[in-house]
Amino acid sequence: AQPQQQQPPVQPPPSVLLLPLPLQGPINCFLKLAHLLTLSSDHLNITFLNAEFVHQRLPDLPTRLPRVNFSLFSDGVPGDDPRPPEKFASMVSFFENEVIRCLPEFLKSPAPATCLVVDGVFPAVVERAKELGIPVVYFSTLSPCCIWANSFLVPKLFDSGEVPFKKGMDLNEPVSDIPGEEEISLRWCDLPGICRTHDTTDPYIQLVLKECRELPKAQGHILNTFDDLEEHLLAELRSLCPNLYTIGPIHLHSRTRLEPVTEQRVTSNSLWQEDRNCITWLDSQPSESVIFVSFGSVVPMTIDQLIEFQYGLVNSGVRFLWVRRPGSLVGIEDSSLQVPTEILEERGFIVEWAPQEEVLAHRAIGGFLTHSGWNSTLESIVEGVPMLCWPNGIDQLVISRFVGDVWKIGIDMKDKCDRVVIEDMVRDLMVRRRDEFSKRADRLSKSAAQAVREGGSSWQGLHRLIQDIKFMRL
Ligand code: UDX
């Protein structure tokens, strides 16, 4: 009798499960990634694990992304909760436990997953996925400059006891060179937010340190940046995680592949209602005359800080469009502080939430007063808009140093909130040093566009990611 021919085992079709942290920044990045994956490959099943409250706020997702399966579950926080930063660690932990509990189910249905793409804040999921035989790729939506600091610098500073900072220490002293930047260092005040703690047992700190320790355990690492922007720093990160996929700026990458062009502005992933009246207002303003003021989706502000910003902006004489997010003011009702109506009629406009990408692309915008969140920073770089940075924590303190001193496309107002300083710096940004910042911002904007064009570094990064996802096995 003929020996029976051995049949090769049947491989399941490639199928990727996306798991974002359910906050505005990461959700936006993961949805854009899902979109890019569907556009770039017909042979990939994509399932998106979405928190119920996100899905409720973005009811058009299944229509906008018809090739993506959405699996829903709860993040344990009521839908209308503003999700303040102090709840962050407990929310991540609830979400992570829930994902780990349900992972075997998620991996089976609706299609058997062959790869998991998970937010960098969920290191425990990597362990569990490996036990279940599924390869994992991290997608860190924070800035690579902060991931670099958290990986190469911060753990040593905690170990040596230099962090938390001692009383009376000069935070303007340098602590480390920035890779590739001979004369520019990171100072103590530029270190990531976790270094400003007084309590090293804080669960958020433990989470960040664990995240960095575990980075090399994933099969690969997606970063929302482009090679030209952070070349030297990325080289150092590659020594830790050789398989980096730089595919950003992801919003531009996704926009560049949308046809026709008119569709570009209608695909918003905003979790808040956008007030489009500000676009009509901007239409009536002179070119590059308005500073856009927005502090992202999580940064809180005290009433004293708000008053300083208000005086600083009004006294600068510069036109402004200001996002005042409901619930962002701590310790007081939002409505209790009004900008005088004559100023609003003359040169100011206030909204609760704006179509930010569209605002930054508007010809009337000449500068951006920002908290230096990574998405806001990339959105500003893409549009060539110089920034005045008022960072609050997380990665923002590192990013603002890069904006001010490495890329030199704006001013770092770190740790100051004084009406006279604000007035002066707004004038610097919008009037006195405008040409100098604009020239460099234009150059970076062109370089970002080049990266996502066919053959560019981020275009190549995406294609390599898709190929690898299709064939990735443990
Ligand atoms: C959080 C962290 O705070 C930040 O440090 C980190 O880099 C990413 O995760 P967030 O504070 O929300 O993010 O800031 P950012 O990353 O800038 O994201 C905010 C997003 O909300 C941007 O995509 C921006 O376009 C959008 N946005 C903001 C609007 O669409 N409208 C607004 O009015 C304000």
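The values are calculated or read from the model by the stated rules, or taken from the named source; none is laboratory data. Just so you know, these numbers come straight off a predicted model, no measurement behind them. In this analysis, Cβ positions are derived from the backbone assuming ideal geometry, glycine residues included, and neighbour counts consider all displayed protein chains.
What residue, among those in the range 383-394 that are modelled with pLDDT of 95 or more and crowded, with 23+ Cβ neighbours inside 10 Å, is nearest to the ligand (Cβ to nearest atom)?
The selected residue is PRO391.
So which residues in the range 59-79 are in a helix (DSSP H, G or I) and over 24 Å from MET91 (Cα atoms), if there are any at all?
Residues satisfying the conditions are PRO62, THR63, ARG64.
Do we find that PHE94 is in contact with a Ser or Thr (Cβ under 8 Å, 6 or more places away or on another chain), among the aromatic types (Phe, Trp, Tyr) and either without any contact (Cβ under 8 Å) to a residue 40 or more places away in the chain or within 16 Å of the ligand (Cβ to nearest atom) (or both) in this structure?
It is false that PHE94 is in contact with a Ser or Thr (Cβ under 8 Å, 6 or more places away or on another chain), among the aromatic types (Phe, Trp, Tyr) and either without any contact (Cβ under 8 Å) to a residue 40 or more places away in the chain or within 16 Å of the ligand (Cβ to nearest atom) (or both).
Right, GLY317: more than 16 Å from the ligand (Cβ to nearest atom), at positive phi and not basic (Lys, Arg) or not?
Criteria met by GLY317.
For residues that are within 12 Å of the ligand (Cβ to nearest atom) and without any contact (Cβ under 8 Å) to a residue 40 or more places away in the chain, scanning just the range 347-363, find the one that is nearest to GLU383 (Cα to Cα).
Only one residue tops the list, namely ALA361.
Just give me the residues in the range 395-407 being surrounded by fewer than 24 Cβ atoms within 10 Å (Cβ to Cβ) and either near the ligand (Cβ under 8 Å from one of its atoms) or assigned to a loop (DSSP other than H, G, I, E, B) (or both), in sequence order.
The one that is surrounded by fewer than 24 Cβ atoms within 10 Å (Cβ to Cβ) and either near the ligand (Cβ under 8 Å from one of its atoms) or assigned to a loop (DSSP other than H, G, I, E, B) (or both): TRP407.
Could you tell me how many of the residues in the range 58-71 are under 16 Å from PRO20 (Cα atoms) and basic (Lys, Arg)?
0
Restricting to the range 9-58, count the residues that are within 16 Å of the ligand (Cβ to nearest atom) and in a loop (DSSP other than H, G, I, E, B).
5
Would you point out the residue of the range 174-195, among those that are modelled with pLDDT of 95 or more and charged (D, E, K, R), that is farthest from the chain's Cα centre (by Cα)?
ARG187
Which of the residues belonging to the range 211-234 are more than 20 Å from the chain's Cα centre (by Cα) and exposed (fewer than 15 other Cβ atoms within 10 Å of the Cβ)?
Within the range 211-234, the subset more than 20 Å from the chain's Cα centre (by Cα) is 213-214, 216-219, 232.
Listed by number, the residues that qualify are ARG213, PRO216, LYS217, HIS232.
For the range 130-142, state whether one or more residues are at positive phi, more than 16 Å from the ligand (Cβ to nearest atom) and either surrounded by 14 or more Cβ atoms within 10 Å (Cβ to Cβ) or in the same structural domain as ILE27 (by TED's automatic domain parsing) (or both). It would help to see each step written out before you state the result.
Restricting attention to the range 130-142, the residues satisfying the condition of being at positive phi are 133.
Those still in the list that are more than 16 Å from the ligand (Cβ to nearest atom) too: 133.
Narrowing further to those that are either surrounded by 14 or more Cβ atoms within 10 Å (Cβ to Cβ) or in the same structural domain as ILE27 (by TED's automatic domain parsing) (or both): 133.
There is at least one residue in the range 130-142 that is at positive phi, more than 16 Å from the ligand (Cβ to nearest atom) and either surrounded by 14 or more Cβ atoms within 10 Å (Cβ to Cβ) or in the same structural domain as ILE27 (by TED's automatic domain parsing) (or both).
Before we move on, is PHE70 farther than 25 Å from GLY296 by Cα and either within 16 Å of the ligand (Cβ to nearest atom) or buried (at least 17 other Cβ atoms within 10 Å of the Cβ) (or both)?
Details: farther than 25 Å from GLY296 by Cα: yes; either within 16 Å of the ligand (Cβ to nearest atom) or buried (at least 17 other Cβ atoms within 10 Å of the Cβ) (or both): yes.
Against the criterion (farther than 25 Å from GLY296 by Cα and either within 16 Å of the ligand (Cβ to nearest atom) or buried (at least 17 other Cβ atoms within 10 Å of the Cβ) (or both)), PHE70 qualifies.
Go through (1) touching a helix residue (DSSP H, G or I) at 6+ places or on another chain (Cβ under 6 Å); (2) within 14 Å of the ligand (Cβ to nearest atom) one by one and return the number of the condition ASN277 breaks.
(1)
Could you count how many residues in the range 103-123 are at pLDDT 85 or above and assigned to a helix (DSSP H, G or I)?
Qualifying residue count, the range 103-123: 3.
Taking ARG238 as meeting all but one of (1) basic (Lys, Arg); (2) without any contact (Cβ under 8 Å) to a residue 12 or more places away in the chain; (3) closer than 21 Å to LYS32 by Cβ, write down the number of the exception.
Going through (1) basic (Lys, Arg); (2) without any contact (Cβ under 8 Å) to a residue 12 or more places away in the chain; (3) closer than 21 Å to LYS32 by Cβ one by one, ARG238 breaks only (3).
Can you say whether LEU37 is more than 21 Å from GLN467 (Cβ to Cβ), crowded, with 19+ Cβ neighbours inside 10 Å and in the same structural domain as LYS108 (by TED's automatic domain parsing), as far as the supplied structure shows? Talk me through it step by step, then tell me what you get.
Details: more than 21 Å from GLN467 (Cβ to Cβ): no; crowded, with 19+ Cβ neighbours inside 10 Å: yes; in the same structural domain as LYS108 (by TED's automatic domain parsing): yes.
So LEU37 fails the test.
Any idea which residue in the range 146-174 is farthest from SER400 (Cα to Cα), counting only those that are of a type in the set (A, V, I, L, M, F, W, C), out of contact with any Leu (no Cβ under 6 Å at 6 or more places or on another chain) and not in a loop (DSSP other than H, G, I, E, B)?
PHE158
Out of all the residues in the range 235-242, is one or more buried (at least 20 other Cβ atoms within 10 Å of the Cβ) and assigned to a helix (DSSP H, G or I)?
Yes, because at least one residue in the range 235-242 is buried (at least 20 other Cβ atoms within 10 Å of the Cβ) and assigned to a helix (DSSP H, G or I).
Does the range 365-372 include one or more residues that are more than 11 Å from the ligand (Cβ to nearest atom), at pLDDT 95 or above, surrounded by fewer than 15 Cβ atoms within 10 Å (Cβ to Cβ) and closer than 25 Å to ILE250 by Cβ?
Looking for residues that are more than 11 Å from the ligand (Cβ to nearest atom), at pLDDT 95 or above, surrounded by fewer than 15 Cβ atoms within 10 Å (Cβ to Cβ) and closer than 25 Å to ILE250 by Cβ, one finds none in the range 365-372, hence no.
Filter the range 282-303 for residues that are within 20 Å of ASN28 (Cβ to Cβ) and part of a loop (DSSP other than H, G, I, E, B) and give the result.
Listed by number, the residues that qualify are PHE295, GLY296, SER297, VAL298, VAL299.
Any idea how many residues of the range 307-353 are at pLDDT 80 or above and of a type in the set (D, E, K, R)?
Of the residues in the range 307-353, 6 are at pLDDT 80 or above and of a type in the set (D, E, K, R).
Can you run down the residue pairs with Cβ atoms below 6 Å, 6 or more apart or on separate chains, where the first is in the range 364-375 and part of a loop (DSSP other than H, G, I, E, B) and the partner is near the ligand (Cβ under 6 Å from one of its atoms)?
HIS371/GLY296; HIS371/VAL299; HIS371/GLN396; SER372/GLN396; GLY373/GLY296
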